[in-house]
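Remarks on the structure that follows.
Computed from the coordinates by the stated procedures, all read-outs in this text should not be read as laboratory data. Keep in mind that what you see is a predicted model, and the values were worked out from it rather than measured. In this analysis, Cβ positions are derived from the backbone assuming ideal geometry, glycine residues included, and neighbour counts consider all displayed protein chains.
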Ligand SMILES: O=c1ccn([C@@H]2O[C@H](COP(=O)(O)OP(=O)(O)O[C@H]3O[C@H](CO)[C@H](O)[C@H](O)[C@H]3O)[C@@H](O)[C@H]2O)c(=O)[nH]1
């Protein structure tokens, strides 16, 4: 396809997770070792621009210099715990960054976007599994609230200006790495998500995993999530771009998840079995802002995107 996609990103020192920042922050300078590595591994020549979305002039410069038809907007900081401590940082980066981006897109007549949303927009769900029609907005943490606010803003935008065509992908819990093992979460950075933390304990870099809450109303008392392999998440984006090129939706939210719930203790047990490493854990207090269970009904996303996830929990741990 003769189109270029803009993958946007603002770099967070705090949080480098599965759908976050695995490409280098040095991209602007042309020194992008991890970008080179992605090209080497995938055999694809990538066009990748990364900039701080709060710097609207820089965003505009990128759109002025290049022909862009579609945007995949990944740029966000995403640590639930941190967002409760530093709400302004989250509102500024995630919400204002997105406003800047869509303003520049408009200026340059680019109206097609895949947006990285989150299952956090559903809050503590009223029913399970969660369908796309489940009410949103009753969000329990600041990170999720930024995603909810952006979704509402994009919806309003598509009402006001019907030429916008946006798919909002509501990620459940993306984990794992490229099958080569050479592209994944950056272990030198701070992070707060469960899977990279488990990996650090397995490597001996951290003493134990703290299990946040053992008293939830779940089968074993620990938090239940719907984990999805990062490669499936990636192919979901390719499928979404392809759908945008075929149909005008204005605004469409879709779940990206497998529809299978796994508790923290179950994930630990899978990890130990698959990798053969023991991972010490301790029960700890609930994390502020967490909900007990998030599991999706992923059938609409799979149907509408003609997309089938291929990886299971063993692949994710491996
Ligand atoms: O050290 C830890 C870290 C996490 N958890 C528990 O593990 C589960 C998963 O927590 P994560 O931090 O890995 O991910 P979240 O559930 O907070 O995921 C949210 O943040 C993600 C961003 O990483 C995605 O946006 C996702 O859609 C959204 O639900 C939760 O029950 C959490 O309480 C622990 O017990 N100990």
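Expressed as a rounded percentage, what relative contact order does the chain have, with Cα pairs under 8 Å and six or more residues apart? All intermediate terms of the calculation are to be shown ahead of the outcome.
Values: 616 pairs, mean separation 65.0, N = 318.
Answer for the chain is 20 percent.
Need one number: the % of Cα-Cα pairs in the stretch 69-123 sitting beyond the 17 Å mark.
Above the 17 Å cut-off, the stretch 69-123 has 44 percent of its Cα pairs.
Counting DSSP beta bridges in the chain, what percent are antiparallel, to the nearest 5? If you can, show how the numbers build up before the last one.
Numbers: 2 of 33 bridges.
Antiparallel bridges: around 5 percent, rounded to the nearest 5.
What is the packing order of peptides 234-241, 60-67, 210-217, taking the mean over residues of other C-beta atoms within 10 Å and listing the highest first?
Values: 234-241: 20.2, 60-67: 13.2, 210-217: 16.4.
Sorting 234-241, 60-67, 210-217 by mean packing, highest first, produces 234-241, 210-217, 60-67.
R0 = 35 Å: FRET efficiency of residue 250 with residue 84, Cβ-based, nearest 0.05? Provide the component values of the computation, followed by the final result.
Numbers: r = 33 Å, r/R0 = 0.94.
With R0 = 35 Å, the Cβ-Cβ based efficiency is 0.60.
Please find the FRET efficiency linking residue 277 to residue 160, where r is the Cβ-Cβ separation and R0 is fixed at 45 Å, and quote it to the nearest 0.05.
Numbers: r = 53 Å, r/R0 = 1.18.
The computed FRET efficiency comes out at 0.25.
Answer rounded, prolate or oblate for the stretch 52-150, using the Cα gyration tensor with square roots of eigenvalues a ≥ b ≥ c: rounded when a/c is under 1.5, else prolate when a/b is larger than b/c, else oblate.
Details: a/c = 3.27, a/b = 1.67, b/c = 1.95.
Oblate shape, in that a/c is at least 1.5 and b/c is the bigger or equal ratio.
Let me make sure I get this right: for the stretch 262-318, a, b and c are the square roots of the gyration tensor eigenvalues over alpha carbons, sorted descending. Under 1.5 in a/c it's rounded, otherwise prolate if a/b > b/c, else oblate. Which is it?
Details: a/c = 4.26, a/b = 1.40, b/c = 3.05.
Oblate.
Counting other beta carbons within 10 Å of each Cβ, put 180, 242, 117, 263 in order, fewest first.
Details: 180 11, 242 14, 117 25, 263 20.
So the ranking, lowest neighbour count to highest, is 180, 242, 263, 117.
Starting from the Cα gyration tensor of the stretch 158-316, take the square roots of the eigenvalues, sort them a ≥ b ≥ c, and report rounded, prolate or oblate (rounded when a/c is under 1.5, otherwise prolate if a/b is larger than b/c, else oblate). Can you show the working numbers first?
Numbers: a/c = 2.27, a/b = 1.77, b/c = 1.28.
Prolate is the answer for the stretch 158-316, as a/c is 1.5 or above and a/b outweighs b/c.
Given q = 0.08, 0.11, 0.14 Å⁻¹, what are the Debye log10 I(q)/I(0) values for the chain, with equal point scatterers placed on the Cα positions and solvent ignored?
Listed by q, the Debye log ratios stand at -0.34, -0.67, -1.13.
Can you give the convex hull volume of the alpha carbon atoms of the stretch 100-211 per residue, in Å³? Each step should come with its number before you reach the end.
Numbers: hull volume 18.9 nm³, N = 112.
Per residue, the Cα convex hull of the stretch 100-211 comes to 169 Å³.
Which FRET efficiency value, to the nearest 0.05, is calculated for residue 152 and residue 40 with the Förster distance at 45 angstrom and r the Cβ-Cβ distance? Please report the intermediate quantities before stating the final value.
Working: r = 40 Å, r/R0 = 0.90.
For R0 = 45 Å, the calculated efficiency reads 0.65.
Just rank 104, 114, fewest to most, by other beta-carbon atoms within 10 angstrom. Provide the component values of the computation, followed by the final result.
Numbers: 104 23, 114 26.
Fewest to most other Cβ atoms nearby, the residues stand as 104, 114.
What is the gain in length, in nm to one decimal, between residue 217 and residue 107 on full extension, counting 0.36 nm per residue of separation less the C-alpha to C-alpha distance? Mind showing how you got there, number by number?
Values: separation 110, 0.36 × 110 = 39.60 nm, distance 4.90 nm.
Taking 0.36 nm per residue and subtracting the Cα distance, the gain is 34.7 nm.
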